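K.L.:
I'd like to ask some things about the structure below.
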Amino acid sequence: MIIAGKAINDRGVTLVELLIVVSIIAILAVAMGFTYRGWMGNYKIESETKQMYADLMDARTRAMAENRMHFVVVNANNYRIYADTNDNNNNDPADLPIGGFTTSKTVGYPLGWNGSICFDTKGLAWNCTNAAPWPAASITLPLTLPSGTNPDYDCLLIYQSRIAMGQMSGGNCVYK
């Protein structure tokens, strides 16, 4: 067909054009897949950190509201929160969940600290692993992360009167 002295190719799309378009779409799909996978990994880490933060804040609030000490026992793969049901202010086996508040969570990423944290009736926290409260220092509760991840939050800083989320940097949890 000739229009205004020019030949118009009306045969449709060539195989080369089709291959170029399909290649571009495939490259974009692969790139988006890797981005999505990395984003989901970071999301899971941040979600777990935020859940731990919420559980610790809930234990702290319950300690004040119920006027009863609460304990958090942290192991490599889980943490357990329970109330001092016999009101002796000691972290002992008699405090296991006999009608009291308890939470036991398994974590997807190993925790980098083992021990016990106590919340008193004023909501103050201390390291009660060795029955010796820390005066003004903090404890860092980091998640052990897989390589290639860079979440915004991956650790908790627990001070005597405050709990904060942070990001590990150079071996330290930096408050965000």
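K.L.:
Would you check if residue 60 is closer than 21 Å to residue 114 by Cβ, outside any strand (DSSP E or B) and either modelled with pLDDT of 85 or more or out of contact with any strand residue (DSSP E or B) (no Cβ under 6 Å at 6 or more places or on another chain) (or both)?
P.N.:
Yes; evaluated as a whole, the condition is true for this residue.
K.L.:
Being out of contact with any helix residue (DSSP H, G or I) (no Cβ under 6 Å at 6 or more places or on another chain), farther than 27 Å from residue 145 by Cα, among the basic types (Lys, Arg) and at pLDDT 85 or above is the requirement here; does residue 68 meet it?
P.N.:
yes
K.L.:
Output the residues belonging to segment 1-51 that are outside any loop (DSSP other than H, G, I, E, B), β-branched (Val, Ile, Thr) and either touching a Ser or Thr at 6+ places or on another chain (Cβ under 8 Å) or at pLDDT 65 or above (or both).
P.N.:
Applying the first criterion (outside any loop (DSSP other than H, G, I, E, B)) to segment 1-51 yields 2-3, 6-7, 15-51.
If we keep only those that are β-branched (Val, Ile, Thr) too, we end up with 2-3, 16, 20-22, 24-25, 27, 30, 35, 45, 49.
16, 20, 21, 22, 24, 25, 27, 30, 35, 45, 49 - these are the residues of segment 1-51 that are outside any loop (DSSP other than H, G, I, E, B), β-branched (Val, Ile, Thr) and either touching a Ser or Thr at 6+ places or on another chain (Cβ under 8 Å) or at pLDDT 65 or above (or both).
K.L.:
Consider only pairs whose beta carbons are under 7 Å apart and that are at least six residues apart or on different chains; among these, list those whose first residue lies in segment 108-121 and is part of a loop (DSSP other than H, G, I, E, B) and whose second residue is among the acidic types (Asp, Glu).
P.N.:
108/48; 109/48
K.L.:
Go through (1) surrounded by 14 or more Cβ atoms within 10 Å (Cβ to Cβ); (2) at pLDDT 85 or above; (3) within 24 Å of residue 144 (Cβ to Cβ) for residue 123 and report which single condition fails.
P.N.:
(3)
K.L.:
Out of the residues in segment 142-176 that are of a type in the set (Ser, Thr, Tyr) and part of a loop (DSSP other than H, G, I, E, B), state the one that is farthest from residue 57 (Cα to Cα).
P.N.:
Across segment 142-176, the extreme among qualifying residues is 147.
K.L.:
Oh, and also: With the condition kept exactly as written, say whether any residue in segment 94-102 is modelled with pLDDT of 75 or more and closer than 30 Å to residue 44 by Cβ.
P.N.:
No: zero hits.
The values are calculated or read from the model by the stated rules, or taken from the named source; none is laboratory data. Everything numeric in this text was worked out from a predicted model, so none of it was measured. Note that each Cβ is placed from the backbone with ideal geometry, even for glycine, and that neighbours are counted across all protein chains shown.
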